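So the structure is just underneath, and the comments pick up after that.
Read-outs throughout are calculated quantities, based only on the coordinates presented, and are distinct from any laboratory measurement. Because the structure is predicted, anything quoted here is derived from the model rather than measured. Don't worry about glycine lacking a Cβ; one is built from the backbone with ideal geometry, like all the others, and counts go over all protein chains shown.
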Amino acid sequence: MDIYEWYLNFFEMGSDQNITEYIMLIIVSLMLLASAFSIAMWFLGKTNISTMLTTIIVTASYFSTDSILAILFDYYEIESFSGIATLYLIFTTFDAATVLAILLITPWFRKEGEKAIKTMTSLIAVLLLINATNNFVMSLHIALNDEPNMIVYMMYSSIICLVDSSIVLVMFFPKKSESIVNWLLRRDSKQEITLVSG
């Protein structure tokens, strides 16, 4: 079995061994667990409310997206190219809306003198924007081509799995993620990355 056959076996819609729904279930379940953990940490005073809100917002977004996907599979025919292209546009919209919600809501809950968006929040926003761009490019690819390009599909799936897994890790380990990002960017350990000014 070559790499293309392996990919189609596990990721193609309609395949008996399609594992996409299981990956989505694992990701959402881990996000729900991360949200519960973040809420508990906030009550214990070990995390800030911006971090907690970011975790909850992203989890709600992913849960909503998966719910819509399940409804589409149950009530609509999305095996056609046009239906799948619409599906990717839905993913793009939800990812972009989630980033907007994070940037609009979390500054209202910052502590006095605290920057509006913490490193963890900024990192998740960037990862979501990568997903949104990836989904949009995939939608265009489907709309402009008569048949799928397996290399494009494989790159898409790899990026989505990598980004979603990264988001989950950032949710569980926000402070560690901050340290890693600051180290990679060769910044002082106390310096924070912001997408908007505080």
- Stretched fully, the stretch from residue 184 through residue 22 gains (0.36 nm per residue minus C-alpha distance, one decimal, in nm) 55.1 nm
- Between residue 41 and residue 140, what FRET efficiency comes out of the Förster formula 1/(1 + (r/R0)^6) with R0 = 41 Å and r the beta carbon distance, rounded to 0.05? 0.55
- Item | Cα-projected label distance for residue 33 with residue 129, points at 7 Å along beta-carbon direction, nm | 3.0
